[in-house]
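One structure is given below, encoded as structure tokens.
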Amino acid sequence: MFELVKNKLKNAKKIVIVTGAGISQESGIPTFRGKDGLWRNYDAMKLATIDAFYDDPKLVWEWYAERRTNIFSAIPNAGHIAIAQLEKYCDVVILTQNIDGLHQRAGSNNVLELHGSIVRIKCTVCDFVDDLINEFNNLPPMCKCGNILRPDVVWFGESLPQDVWEKALIHSSSCDVMIIAGTSLVVSPANTLPIFAKENDATLIEVNPEETIMSKDMDLTIRDTSANVMPNLITEIFE
């Protein structure tokens, strides 16, 4: 089976890589779930909602300010770098659920951020959007129009950016190989992307130290982290 997948990777014209919190965790960025899912006794999954933001925008922004500091100090790991290097050999598109921008910092050029970016901020009322890595003097930060700024991320209960999602579906439906790395595949609708790839007869490869709800649907599953697997996989196949 592994030899078959190696051959398919070698001959692939287009590889789509779906990444989740696991690959970012290897760079020291905590995940929502598990023991890192709490912040000052608050449930992070409950803070990441529009209702929580309007109930207490200062509290939510304090959490995001801390997350931004952590993310901006993190560096891409071997998994991010290996994925970026894969572009030398074929067409690669990254569909990431992560908001940290580490794929771009590693050198990847074709990245679709399904859940937005913590680097960007936007106004809750007007159409202002901008990248900002500096710390804010006051929280919550305010827009020039007088309304509150928010992180340009997708919170629970919000829809994914329609243009990004449509592109993600097109790429998933037209790839030869899809690598699913560091994601538990429990968050919808991102967890449907492998289904679209499979309908196109793409080879599905899962890279995850733990079993997921779609492991049985994979053509090959590697029980290890992206930082360990991706450099070796690319070296063995392409170099």
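Of all residues in the range 88-104, count the ones that are under 13 Å from the mean Cα position of the chain (by Cα) and under 24 Å from I234 (Cα atoms). Before you say what the answer is, go through the steps one by one.
Initial filter on the range 88-104 (under 13 Å from the mean Cα position of the chain (by Cα)): 93-104.
From what's left, under 24 Å from I234 (Cα atoms): 93-98, 100-104.
Total satisfying the criteria: 11.
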| note | Scanning the range 157-206 residue by residue, those among the hydroxyl-bearing types (S, T, Y), modelled with pLDDT of 95 or more and over 30 Å from D51 (Cα atoms) turn out to be S172, S173, S174
| task | Check the range 183-195 and report whether any residue there is closer than 30 Å to K10 by Cβ and in contact with a Pro (Cβ under 9 Å, 6 or more places away or on another chain). | result | yes
| said: Suppose we keep only residues that are in contact with a helix residue (DSSP H, G or I) (Cβ under 7 Å, 6 or more places away or on another chain) and under 27 Å from Q104 (Cβ atoms) within the range 46-73. Which one would you say is surrounded by the most Cβ atoms within 10 Å (Cβ to Cβ)? | reply: V60
| message | Any residue that is charged (D, E, K, R), more than 13 Å from the chain's Cα centre (by Cα) and not assigned by TED's automatic domain parsing to the domain that holds P189 - is there at least one of those in the range 67-87? | response | yes
| task | Check the range 103-125 and report whether any residue there is small (G, A, S), touching a residue at least 40 places away in the same chain (Cβ under 8 Å) and surrounded by 17 or more Cβ atoms within 10 Å (Cβ to Cβ). | result | yes
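The values are calculated or read from the model by the stated rules, or taken from the named source; none is laboratory data. This one's a predicted model, so the numbers in the text were calculated from it and none came from an experiment. Glycine also receives a Cβ, built like all others from the backbone with ideal geometry; neighbour counts cover every protein chain displayed.
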